[in-house]
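Report on one structure; see the data block that follows.
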Amino acid sequence: MKVTIFPGQGSQHKGMGGEYFDLYPERVAISDELLGYSVKDKCLYDREKQLSLTQYTQPLLYIVNSLSHLHHESRHATRANYFVGHSLGEYNALLASDVFDFEVGLKIIKKRGELMAGASGGGMAAVINIEVKKLQGMLIDSKLDSIDIANFNSPQQTVISGPSDDLKLAKQLFKDLGEGMFVDLPASAPFHSRYMQDCATEFSDYLMQFSFRDPKVPVLSNVTAQPHRKEHFVELLTKQLYSPVRWTDTIINLIRIKANDFTELGPGQVLSKLVRQIISTETL
């Protein structure tokens, strides 16, 4: 069973999409007009150093992911049985399943990126080689319950999100205890945490203006790790902003229904590495 996976913010890099822009000029032209700048220039040269700013990263990554999928589909007769994406990548999964048109998705992602870029007051960090239940217990015992789990990425990697000062305390805690590895992430706000709820309210209102179609191919939700249904799109895409990405559960659920062929489309292979970690743990 084949699964196509799409990466989210963090996978972007200068030069991404270079092999696709000239192949799909119509989609690039739509993007340039809607965004008001040259997508090709931003991705290939990043002259103004904006590629890693959330309001630019999200639409640009959505575009490159979509072009990668177009190219992949043009070269392979066999289609995926499931689509999944990590955070922003979930929108590419929905696009691939024909839930909305490319331009509608880009409008949504542009708004999402702007709202998330406007958030502040915290950050994110990856915690590596600490089992998640132990991690949660350590945070509670240290009275750091202001920190939320943002991404259940794999049994070996969890991303946490919260106020900057409390993340610093957590970093020192893990260092003092000699536990795991703590990696600060270049996030401008505590994404996928309770602190994004104000942002989510405005995003929900924005989503209400669009009509969505039933998925042609099942897409698993980041929030539930279960297949999306049309009647819950607005609710779950809104919740995704302040809920953890349940990537581990998503992949485990796919493995249990005999998924065995995962293809990552878009820049990088970050998700493919996480999938291998999850598979190795699940089959032990």
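The values are calculated or read from the model by the stated rules, or taken from the named source; none is laboratory data. None of these values were measured; they are calculated from a predicted model. In this analysis, Cβ positions are derived from the backbone assuming ideal geometry, glycine residues included, and neighbour counts consider all displayed protein chains. Keep in mind that these areas ignore ligands, DNA and RNA; they rest on the heavy atoms of the full protein, side chains included. Shrake-Rupley method; radii C 1.70, N 1.55, O 1.52, S 1.80 Å.
Points to keep in mind about this one:
- Of the peptides 67-75, 117-125, the order by per-residue mean of other Cβ atoms within 10 Å, starting with the highest, comes out as 117-125, 67-75.
- Of all lysines in the structure, those lying under 21 Å Cα to Cα from LYS133, and not within fewer than 8 positions of it along the same chain, are LYS143, LYS168, LYS171, LYS175.
- The lysines within cross-link reach of LYS42, meaning a Cα-to-Cα straight distance under 23 Å and a gap of 8 or more places when in the same chain, are LYS14, LYS107, LYS110, LYS111.
- Under the combined filter of DSSP loop state and at most 13 neighbouring Cβ atoms within 10 Å, region 43-99 retains these chymotrypsin sites (Phe, Trp or Tyr not before Pro): TYR45.
- Accessible heavy-atom area order of ARG79, ARG256, highest first, probe of 1.4 Å: ARG256, ARG79
- Each residue was assigned an accessible area with a 1.4 Å probe, and for MET196 the value is about 0 Å².
- Structure-based [θ]222 nm, the chain - -39500 (n - 2.57) summed over DSSP H runs of at least 4, per residue, nearest 500: -14000 deg cm²/dmol
- Under the simplified labelling scheme, the ALA29-VAL183 pair shows an inter-label distance of 4.1 nm, with each label point 7 Å from Cα along Cα→Cβ.
- The share of accessible area on region 215-284 that comes from carbon and sulfur is 53 percent, using a 1.4 angstrom probe.
- Net charge in the neighbourhood of LEU95 (other residues with Cβ under 15 Å of its Cβ; Lys, Arg +1, Asp, Glu -1) is +2.
- Taking all protein chains as shown and a probe of 1.4 angstrom, GLU235 keeps an accessible surface of around 80 Å².
- Solvent-accessible surface of the chain, taken per residue with a 1.4 Å probe and all protein chains present: 46 Å².
- Shape call, region 1-112: gyration tensor on alpha carbons, a/c limit 1.5: prolate
- Taking amide H atoms as placed 1.01 Å from N in the peptide plane, the amide H of MET124 lies under 5 Å from those of LEU185, ALA187, each 5 or more residues away in sequence or on another chain.
- The heavy atoms of ASP166 present about 40 square angstrom of accessible area, all protein chains included, probe 1.4 Å.
- Compactness relative to 2.2 N^0.38 Å, alpha carbon Rg of the chain: 0.98
- Simple spin-label estimate for GLU131 and ARG75 gives 4.2 nm between the two label positions (7 Å along the Cα-to-Cβ direction from each Cα).
- Region 118-207 - percent of accessible surface contributed by carbon and sulfur, probe 1.4 Å: 51
- Dipole of the chain, positive direction: furthest Cα of HIS228, HIS192, PRO163, with charges on the beta-carbon: HIS228
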